[in-house]
Every structure is written in C-alpha cells, then in structure tokens.
Amino acid sequence: MTTTGDIQSAVVIGGTGKTGARVTQRLTAAGILTRIASRTSGTLFDWNDQTTWQPAVSGVDAAYVAYAPDLAVPESSTHIEELANLAYREGVRRMVLLSGRGEPAAQKAERVLADSGLEWAVVRASWFAQNFSEGYLLDPIREGHLALPTGGVGEPFIDVDDLADVAVAALTRTELLGRVLEVTGPELLTFAEAVEAISTASGRAVEFERIGLQQFSDSMTEVGIPSDVVELLTYLFAEVLDGRNQSVTGVVEEVLERPARDFTTFAAEVARTGVWS
C-alpha cells in the first residue's frame, strides 16, 4: 500500500451527497484541506451554471466528482470533459469520478476523463445499501410497503462507507491511478431479499411488491418526485436491473485489505439508529 503525500488539498464536487459527505469526512480526517462544492454549500457548484465551476476547482491538488443527477443522462460526458479540461488548466492534478456500473453513458464519461491529461481513477458502483436508509426508498420502508418495478435480479448492494474508503484510497494512493475500481458488496440480493433483511433487523413488518414500470412512474409523480428524477429512476430500473450487474467483485477487499460489508450487517447497524422505526 503506497500512500502519496503530494495531495495536500482537494475539492469534493457533490460534497453534501451520500458519497461526497463521507469522502469529505475522510479526507479532512487525513489532514487534507478539503473544499465542499455543491448547490447548497459555501462554495457553490451547479452543473448547469459553468460560472460556478472555476471557483470550485481553483487552487486544489485533487477532485472527487459525483455527478448529479447521474452519469446516465446524455449530457454527462460533455460536462465531465469540460470540467476535466478546466481542472487541468487550473492546476488540478488528479480526479476521481464516481461512475455507474452497467451504464453506457457513464462509461463514455469515464473515457473522457481518462483522455483529459489528468491523473485519474474511476470508482464504479451500482445500487447503494444506503438508498434504503438515506434516500428515496426510506419513506416506503418506514411505511411498511416498498413497491418497485424489479423482480428476481440479484444486486450486489454496496455500502457507501466502503465506497468512500475506496474513493479516498484512489485519491491518495498512486498505485490505484489509471484504474476503474468496480466496487460491490460481497453478495447478490434481490430487492425483495434486501427488504426481508431490513424487516428482520428492524423488527417491523415490511413487505415488497413488484409493480410495472408505468405504475412506478405514476406513483413517483403523484408524491411529487421531480420529472427528471422519475425519468432517471425508470431508466435505471428498466435497463440496469436486467442482470448485467449480477456479479460481485473483490475490489473492496483488494483495496482496503478487509471484506466489503454485507447487507445483513448494514441493516443491523442502521436498525439500531431507529431510522426505520
């Protein structure tokens, strides 16, 4: 394990999100001066307002980038290319990109970064375990009924704490540069099995129902989810959960020299916080 000491400062774009907040915490704990850049932070960053980009990347050694809403959207690769070029001109040396497993548009963005002239690494992941505890699946879990347009496909849910540890390693360890680090949990679970694990851990009855895509889209719209988010979620359930990601990797164990956290352990720890009660 070779740790490079030449990264003294970093910006975390998307630094208030699930992965960004954790990456920020770890970089700060490691003594790296870390700037949070997002639409709600002191350093404003908006993908749709390029006047906010230069102040975010100026004067730092490295950048962690979590694209919003998701690299699956068509304009993502153009945005990543323009940001990487700007970062290079501003003296940023290294960029780590959070990418989507099994998403063609995301892989296009990865190639753009690799061709930018920056030192780079990609952390590629699919569904987060924390989507059940911090994201759009939390309220249905609390209500005891989760209805999604997915069936028997297994997903290797990744714990975001593991993902953040790998991302920080990619930012600070030279031997990980130039790599696509595809992170997964240690096991495949269907969404129904994940919900069953949550029900067991929380001691609350939570049921899973498989529904059609149109019903899912309509229900999201009815509760006020923005149309672009509904469109993205519908795409992810329709395309990415077709079995293409139904495999686990050993990347977390390789990089961190410890096993990836399994979903049962995740569910037990979250249940103790009372967030599902």
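Before moving on, here are some points about what is shown:
- Count - residues of the stretch 194-217 that are surrounded by fewer than 18 Cβ atoms within 10 Å (Cβ to Cβ), under 20 Å from Ile141 (Cβ atoms) and without any contact (Cβ under 8 Å) to a residue 40 or more places away in the chain: 1
- Residues (aromatic (Phe, Trp, Tyr) and either more than 14 Å from the chain's Cα centre (by Cα) or open to solvent by 20 Å² or more (accessible area, probe 1.4 Å) (or both)) located in the stretch 128-152: Phe128, Tyr136
- On the stretch given as the stretch 64-82, residues that are touching a residue at least 40 places away in the same chain (Cβ under 8 Å), small (Gly, Ala, Ser) and either surrounded by fewer than 22 Cβ atoms within 10 Å (Cβ to Cβ) or more than 25 Å from Val229 (Cα to Cα) (or both) total 2.
- Residue that is surrounded by the fewest Cβ atoms within 10 Å (Cβ to Cβ) [pool: residues in the stretch 89-111 that are part of a loop (DSSP other than H, G, I, E, B) and touching a Gly at 6+ places or on another chain (Cβ under 8 Å)]: Gly91
- Of all residues making up the stretch 1-13, the number that are in a loop (DSSP other than H, G, I, E, B), open to solvent by less than 60 Å² (accessible area, probe 1.4 Å) and at pLDDT 95 or above: 1
- Number of positions in the stretch 164-198 that are within 25 Å of Val240 (Cβ to Cβ) and of a type outside the set (A, V, I, L, M, F, W, C): 10
- Within the stretch 157-186, the only residue that satisfies the criterion of being open to solvent by 20 Å² or more (accessible area, probe 1.4 Å), touching a Ser or Thr at 6+ places or on another chain (Cβ under 9 Å) and within 29 Å of Ala271 (Cα to Cα) is Glu182.
- Of all residues making up the stretch 188-240, the number that are within 15 Å of Glu155 (Cα to Cα) and among the acidic types (Asp, Glu): 3
Results for (1) farther than 25 Å from Pro156 by Cβ; (2) crowded, with 22+ Cβ neighbours inside 10 Å; (3) charged (D, E, K, R), shown as yes or no for each residue.
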| position | (1), (2), (3) |
| --- | --- |
| Gly15 | yes, yes, no |
| Arg22 | no, no, yes |
| Arg39 | yes, no, yes |
| Thr43 | yes, no, no |
| Gln50 | yes, no, no |
| Ala62 | yes, yes, no |
| Ala84 | yes, yes, no |
| Val123 | no, yes, no |
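- Scanning the stretch 227-277 for residues that are under 24 Å from Leu138 (Cα atoms), assigned to a helix (DSSP H, G or I), aliphatic (A, V, I, L, M) and modelled with pLDDT of 95 or more turns up Ala267, Ala268, Val270, Ala271.
Residue-wise test of (1) open to solvent by 50 Å² or more (accessible area, probe 1.4 Å); (2) without any contact (Cβ under 8 Å) to a residue 60 or more places away in the chain; (3) within 30 Å of Leu176 (Cβ to Cβ).
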| residue | (1), (2), (3) |
| --- | --- |
| Thr221 | yes, yes, no |
| Gly224 | yes, yes, no |
| Val230 | no, yes, no |
| Leu236 | no, no, yes |
| Val248 | yes, no, yes |
| Glu254 | yes, yes, yes |
| Ala260 | no, no, yes |
| Thr264 | yes, no, yes |
| Glu269 | yes, yes, yes |
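- Condition check for Leu118: open to solvent by 40 Å² or more (accessible area, probe 1.4 Å), modelled with pLDDT of 95 or more, out of contact with any Gly (no Cβ under 8 Å at 6 or more places or on another chain) and of a type outside the set (Val, Ile, Thr): no
- Gly224, sole failed condition from (1) touching a strand residue (DSSP E or B) at 6+ places or on another chain (Cβ under 7 Å); (2) outside any helix (DSSP H, G or I): (1)
- Screening Gly20 with (1) closer than 30 Å to Ala238 by Cα; (2) touching a residue at least 40 places away in the same chain (Cβ under 8 Å); (3) part of a loop (DSSP other than H, G, I, E, B); (4) not β-branched (Val, Ile, Thr) gives one miss only, at (3).
The values are calculated or read from the model by the stated rules, or taken from the named source; none is laboratory data. From a predicted model like this one, the values you see are computed outputs, not experimental measurements. Neighbour counts run over all protein chains shown; Cβ positions are idealised from the backbone, glycine included. Please note that ligands, DNA and RNA were not included when accessible areas were found on the heavy atoms of the full protein model with its side chains. Shrake-Rupley method; radii C 1.70, N 1.55, O 1.52, S 1.80 Å.
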